[in-house]
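Everything below concerns the one structure shown next.
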Amino acid sequence: MPVKPAGYILPVIVVAQFCCTSLWFAGNAVLPDLVGAFGLSVNDLGHLTSAVQFGFISGTLVFAILTIADRFPPSRVFLVSALAGGLCNLGVVLESQTLSSLLAYRFATGFFLAGIYPVGMKIAADYYEQKLGKSLGFLVGALVLGTAFPHLIRGLGSGMPWRYVIGATSLLAALGGILLWVLVPNGPFRKAGGGTDFSGFLRIFGNRRFRAAAFGYFGHMWELYAFWAFVPLLLNAYLEQHPGVGTSVPITSFAVIGIGGLGCVLGGYISQKAGTQNTAFAALLLSGLCCLALPLAAGLGWPLFLLFLLFWGVVVIADSPLFSTLVARRAHPELKGTALTIVNCVGFSITIASIQLMGVLFRIWGGFIPFMFLALGPVLGLLALASDRKTPAS
């Protein structure tokens, strides 16, 4: 008989994931304050975001090579990473920072996020073999809300010292790590891996159907984090063209990014009837169309433009847990955690390229045209999924 996890397991994983992933965009939420406090340039937004991504990539590479998520109890890995990531995040509040030191702290924060996001998915996969897509929908939804949360803190506490925002996210990370470690033991479907396996990468990508899911995810990642990182600049560009509109950029940024959590949950439920791969395909197609339609949508009045952005915020992330579900299902059971980590590593490597490209294009054109180039990722992802025509609707 299938093992049914205790009812509190998934909510605890979701809450812990939300708390810990608030570290991700903490620097972006206080960027104007960092510019004023340490004499940075507004153009450093892309560098600070890329530092976290590069740290995450480096961390996932180390975790994958050492098969940490499969060799050690994942709740313990999650706890250590949460505490270390919170401390590195807190380093930003120290006096006399330079761009180099800020980049180093953000890099280190990203490194330890490698023990949080993919490990959280690994823990969920160890508990929920059935209905994994729905479970990961809640989990990635928590990531989305955690990513957006610093913008909310900043928007609601406009008079709050920026160091308090950083401190609050570090405290949340510590609480999330402790919560999961105390309440979530090893799952019933966990299969411990062996020692260091340098052939794991080749073994994992030797599976054709695994490659199709992974390359679909890579196309999705080209768009996702560049969109999230530049939402505030996108809103500022719209407000410059429509000076009569009064809205809070931090609050609206939180809404546009945070509503993606709803998209993840809805995608998980829809996939139970429409199929995981079919649902991922549809979401990726819709988000790619949003990239291309942005210059036209920017001519709309504020209510309609906001609805457009909120819709984009839903579909841009709705496929993420579905791709992770396909990856987990198609990986070797003893390398499930390593497979998720490797795919995250490559996917986040791609985000650096798209974020840096967006920074260059913004300096050249500004406005809305740069976002059209993000459609390249969905196009390539859709081609990868279309090549896997034998995938069952599961």
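FYI, it's all coordinate maths here, none of it is from the lab. Everything quoted here is computed from the prediction, not taken from an experiment. As a convention, Cβ positions derive from the backbone with ideal geometry for all residues, glycine included, and neighbour counts pool all protein chains shown.
Pairs of lysine residues in the chain that meet both criteria, 8 or more places apart or on different chains and Cα atoms under 23 Å apart, total 21. Projecting the Cα atoms of C290, L87, L266 onto the charge dipole of the chain (Cβ charges, centred on the Cα centre) puts L266 farthest toward the positive pole.
Can you give the longest run of the chain that contains no GluC sites (Glu not before Pro) sitting in a DSSP loop with at most 16 other Cβ atoms inside 10 Å? Free of exposed loop sites, the longest segment is 130-394.
Ignoring the sites themselves, the chain has its longest run without trypsin sites (Lys or Arg not before Pro) in a DSSP loop having at most 15 other Cβ atoms within 10 Å at 192-388. Charged side chains reduced to their Cβ positions (Lys and Arg at +1, Asp and Glu at -1) give segment 1-110 a dipole of some 420 debye around its Cα centre.
Which of rounded, prolate, oblate describes the chain, given a ≥ b ≥ c as roots of the alpha-carbon gyration tensor eigenvalues and a/c under 1.5 marking rounded, otherwise prolate only if a/b is larger than b/c? Oblate.
Of the residues S22, P73, G55, the one whose Cα sits farthest towards the positive end of the charge dipole of segment 12-136 is P73 (charges of +1 on Lys and Arg Cβ, -1 on Asp and Glu Cβ, taken about the Cα centre). Considering only alpha-carbon pairs that sit under 8 angstrom and 6 or more positions apart, the relative contact order computed for the chain is 27 percent. Could you give me the ³J(HN,Hα) list for segment 105-114, computed from phi with Karplus coefficients 6.51, -1.76, 1.60 and θ = phi - 60°, whole Hz, x at Gly and Pro? Karplus-based 3J(HN,Hα) across segment 105-114 equals 5, 5, 4, 5, 4, x, 4, 7, 5, 5 Hz. Here Y8 and R76 are evaluated by their C-beta separation; at R0 = 25 Å the FRET efficiency comes out at 0.85. Determine the shape class of segment 290-394: with a ≥ b ≥ c the square roots of the Cα gyration tensor eigenvalues, call it rounded for a/c under 1.5, and otherwise prolate if a/b is greater than b/c, oblate otherwise. Taking the square roots of the gyration eigenvalues as a ≥ b ≥ c, segment 290-394 is prolate. Scanning the chain for chymotrypsin sites (Phe, Trp or Tyr not before Pro) in DSSP loops with at most 12 neighbouring Cβ atoms within 10 Å leaves 9-197 as the longest stretch between them.
When the square roots of the Cα gyration tensor eigenvalues are ordered a ≥ b ≥ c, the ratio a/c for segment 210-369 is 1.5 or more and a/b exceeds b/c, which makes its shape prolate.
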